[in-house]
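**Student:** One structure, pasted below without further comment.
Bear in mind these aren't lab numbers, they're just calculated from the coordinates by the rules spelled out. In this text, all values refer to a predicted model and were calculated from it rather than measured experimentally. Please note: Cβ atoms are built from the backbone with ideal geometry, for glycine as well, and neighbour counts cover all protein chains shown.
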Amino acid sequence: MKKFVVLLLFAFWGLLSEAQKDTLWLTDGRFFTVKSVEMNEDSSYKVTIINGEDHKIKEFEPEEMFVLNRQNGTEKIFYNAGENDLSYMDMKDFVKGENLARNNYKPTFVSIANFAMSTGISLFLGMHGLVFYSPLGVLIPTVILANINLLGKKLGNKYNDNFKNGYVVAAKHKKTLWLIKAGIAGILTGGGISFIIVK
């Protein structure tokens with residue numbers, strides 16, 4: 001029983017110490033547990049990120065920095081809203097929306113579709129001796145699928161417009177990267193198959 005209590009106390013202390021670390025949020029929805037944030041001479045920031053027992057130093061530009069949530073409950077706000085920019089509170093919702101998309105949105109279906117279409121186009125061009133035009137196997141389906149916008153409908157009325165807009169921006173960015181990777185894989189697959197067949 002005593003061992004169980006000791007283990008429970010250690011677990012609680014570990015969770016408490018983890019919860020009390022500083023958290024840096026960036027304007028693109030990423031956040032990091034940090035040890036320190038220092039400004040360089042060129043106004044960029046040197047950030048020491050905590051990753052388990054390891055520490056990694058990364059550099060960020062001022063426009064990438066949003067807010068530092070300190071372990072004592074205070075905030076250091078880096079975001080400087082211009083005349084046509086969102087207010088701090090609206091931007092906070094926007095950043096949270098970006099974060100949700102970064103962590104939860106997975107464009108699996110459109111990526112598979114892009115792979116299939118890119119493979120087909122690349123295979124067709126390769127079979128007809130038009131390998132030079134095979135980049136179209138990425139370009140055409142990627143442009144079509146990237147512009148199909150069903151992202152905001154998933155959120156319903158649970159979140160405000162700023163949150164939804166942030167979600168859509170990050171989700172579109174993530175979807176485009178997945179589509180490009182799937183398209184390149186499709187070109188290589190289609191090109192490889194056509195090479196084998198023609199040979």
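**Student:** Sum up the charges of everything whose Cβ sits under 13 Å from the Cβ of Lys58, counting Lys and Arg as +1 and Asp and Glu as -1, but leave Lys58 out.
**Tutor:** In short, -1.
**Student:** Need the full-extension length gain, Ser36 to Asp85, defined as separation in residues times 0.36 nm minus the C-alpha distance. One decimal, nm.
**Tutor:** Value of the extension gain: 14.9 nm.
**Student:** Show me, bin by bin at 10 Å from 0, the whole-percent P(r) of region 47-108 based on Cα pairs.
**Tutor:** In whole percents, the pair-distance histogram is 16, 39, 37, 8, 0.
**Student:** Taking 0.36 nm per intervening residue step and subtracting the Cα-Cα distance, what contour gain separates Lys21 from Gln71 on full extension?
**Tutor:** 17.5 nm
**Student:** How high is the FRET efficiency from Glu64 to Ala116, r the C-beta distance, R0 30 Å, rounded to 0.05?
**Tutor:** Computed FRET efficiency for Glu64 and Ala116: 0.25.
**Student:** Please list 3J(HN,Hα) in residue order for region 38-54, calculated via the Karplus relation 6.51 cos²θ - 1.76 cosθ + 1.60 where θ = phi - 60°; whole Hz, with x for glycine and proline.
**Tutor:** Result, rounded to whole Hz: 10, 8, 7, 5, 8, 6, 7, 10, 9, 10, 9, 8, 9, 10, x, 8, 8.
**Student:** Taking amide H positions as placed in the peptide plane 1.01 Å from N, state which residues far from Asp22 in sequence (5 or more) or on other chains have amide H under 5 Å from it.
**Tutor:** The answer is Val34, Gln71.
**Student:** Still on this structure, please answer the following. Would you kindly give the portion of the calculated P(r) for region 103-198 that falls above 17 Å, as a percent of all Cα pairs?
**Tutor:** 52 percent
**Student:** Sticking with this one: What's the local net charge at Thr27, with K and R +1, D and E -1, over the other residues with C-beta under 11 Å away?
**Tutor:** -4
**Student:** If you take every residue apart from Val67 with its C-beta less than 14 Å away from the C-beta of Val67, what net charge results, scoring Lys and Arg +1 and Asp and Glu -1? Walk me through the numbers on the way to the answer.
**Tutor:** Values: positive: Arg30, Arg70, Lys76, Lys92, Lys96; negative: Asp22, Asp28, Glu63, Glu64, Glu75, Asp90, Asp93, Glu98.
Net of charged neighbours comes to -3.
**Student:** For region 90-96, what does the Karplus curve 6.51 cos²θ - 1.76 cosθ + 1.60, with θ = phi - 60°, yield as ³J(HN,Hα) per residue in whole Hz, taken in order and with x for Gly and Pro?
**Tutor:** My calculation for region 90-96 gives 5, 5, 4, 5, 4, 5, 5 Hz in order.
**Student:** Something else: Could you tell me which of the pairs Lys21/Lys46; Lys106/Lys164; Lys46/Lys96 are separated by over 20 angstrom between their Cα atoms in the structure shown?
**Tutor:** Working: Lys21/Lys46 17 Å; Lys106/Lys164 16 Å; Lys46/Lys96 23 Å.
Result: Lys46/Lys96 exceed 20 Å.
**Student:** Here's another thing I want to ask about it. Using a basic spin-label model with each label point 7 Å from the Cα along Cα→Cβ, how many nm lie between Ile196 and Lys46?
**Tutor:** Going by the 7 Å Cα→Cβ label model, 5.3 nm.
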